[in-house]
Amino acid sequence: MVCLGNICRSPLAEGILKSKVNAEQVMVTSAGTAAYHIGKGPDIRSVKVAKEHGIDIRLQKARQFKAADFEVYDYIFVMDQANFDNVVSLASTEKEKEKVQLILNEISPAMNSEVPDPYYGGEDGFKNVYDMLDLACDAINKKISI
């Protein structure tokens with residue numbers, strides 16, 4: 001799960017997907033394309049909306065996406081086109097590029113929609129983002145369930 005700073009959208013996506021998959025069979029993590037918040041915890045508003053749905057993301061720590069992640073992960077879900085472009089620019093092969101997908105395309109492949117960054121908005125923005133990511137993570141879980 002990848003967004004810009006790894007404190008709002010991608011930590012929520014990580015927590016939501018982790019709550020749906022078998023942790024013994026599927027590894028889920030998140031990262032940001034920027035280095036703004038490395039080592040910091042998720043935005044308190046992300047923590048709050050996750051907690052309202054029974055998910056605890058307080059212990060997550062922001063990290064930056066790196067090219068080596070292509071070797072570790074089978075799927076790389078990004079929140080928007082700018083982060084998609086940033087991640088793809090780090091890929092060294094077509095196979096690596098194919099791993100990168102806009103997360104909302106899991107709901108509707110023709111959608112090409114983006115998860116809006118709720119950072120500068122109010123709490124409703126975080127609730128809306130949660131709802132979008134929850135739907136996308138349901139689709140991802142169905143896709144990857146072992």
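The values are calculated or read from the model by the stated rules, or taken from the named source; none is laboratory data. None of these values were measured; they are calculated from a predicted model. Quick reminder, even Gly has a Cβ in these numbers, built from the backbone with ideal geometry, and neighbours come from all protein chains shown.
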*Output the residues belonging to the stretch 106-146 that are closer than 22 Å to D74 by Cα, surrounded by fewer than 16 Cβ atoms within 10 Å (Cβ to Cβ) and among the polar types (S, T, N, Q).*
S108, N112, S145
*Might you let me know whether the stretch 33-47 holds any residue that is aromatic (F, W, Y) and buried (at least 18 other Cβ atoms within 10 Å of the Cβ)?*
no
*Please find, within the stretch 56-93, the residue that is nearest to S113 (Cα to Cα) out of those that are of a type in the set (D, E) and crowded, with 18+ Cβ neighbours inside 10 Å.*
D80
*Of the residues that make up the stretch 97-108, is at least one of a type in the set (G, A, S), at pLDDT below 95 and farther than 20 Å from K143 by Cβ?*
no
*Assuming G39 fulfils every condition listed in (1) of a type outside the set (D, E, K, R); (2) in contact with a Lys or Arg (Cβ under 7 Å, 6 or more places away or on another chain); (3) at negative phi apart from one, which condition is it?*
(3)
*Counted residues, the stretch 6-32 - those being crowded, with 24+ Cβ neighbours inside 10 Å and not hydrophobic (A, V, I, L, M, F, W, C)*: 8
